[in-house]
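Encoded as structure tokens, the structure appears first; notes follow it.
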Amino acid sequence: MHWGFLTFFAAVGGFYLVALVLGALLSGDSGLVSATSTPDLGPVVLLAFLPNLLLGIVPMLGSWRWGAGLRVDFGILPGKRELVVGLACGGFALLAAYLVNLILLAARGQDEVRDPLAELSRLAGDEAAWLVAIALFTVIGAPLTEELLLRGGLWNALEHYRVPRYAILGLTALVFAFLHEEPARTPALIVQGLAIGAARMITGRTSASIVAHAANNLVPALALLQVAAG
């Protein structure tokens, strides 16, 4: 799995490059944003998830090209143990992040804490279809892509070079937090990253961390679905 480093840096580089290009296209100086900003921003909102897809696609391509396939390299299909451990770690991630966020709110105030899903929901407007799409990506797409990158390619590459597993757990949690680029929520994201990574460390399979990540994202996804249903 030495090729995991290549896929990690290529995926992260592609993530920022695509995000930069999309930012330029959707800026106020671009005709694209003026053509789509009214009356419906839904399709533009979905473009925000495009860079995230690269985070998972590149490790998948690396596994097919240099590895033994997704089932062997990442343990992509969860069994009963991965489901149980993943759900437990995901629930702990939710609880721990909630407590950390309470402390952050008390220390900084509501205005300091940014909610990216709330911003996307606001941009999507009242269109239920766009809200459902955002919710599905939150609970399925993002856990799959981010875990293939972090607890898949990067984790396996670090293991290949015999980095201690607790150091891998901490490093991947830090990268997880900083990839989200939400400084006000960084402490909570680090705690979530540790809990999600624990599922990977306990079972040895990326599928467990995918389940944990999905469980962690379930509450905001359900909130979006509730808005869509309302």
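Only the coordinates and a few stated rules stand behind these numbers; no lab work does. Because the structure is predicted, anything quoted here is derived from the model rather than measured. Glycine gets a Cβ as well: all are built from the backbone with ideal geometry, and neighbour counts include every protein chain shown.
Could you compute the net charge surrounding residue 63? Neighbours are other residues with a C-beta less than 11 Å from the C-beta of residue 63; K and R count +1, D and E count -1. List each step's numbers first, then the result.
Numbers: positive: 65, 71; negative: 73.
Local charge sum for residue 63: +1.
So how do 48-55, 159-166, 68-75 stack up, highest first, on mean other-Cβ count within 10 Å? Show your work: numbers first, answer last.
Details: 48-55: 19.0, 159-166: 11.6, 68-75: 16.5.
Per-residue mean Cβ counts within 10 Å order the peptides as 48-55, 68-75, 159-166.
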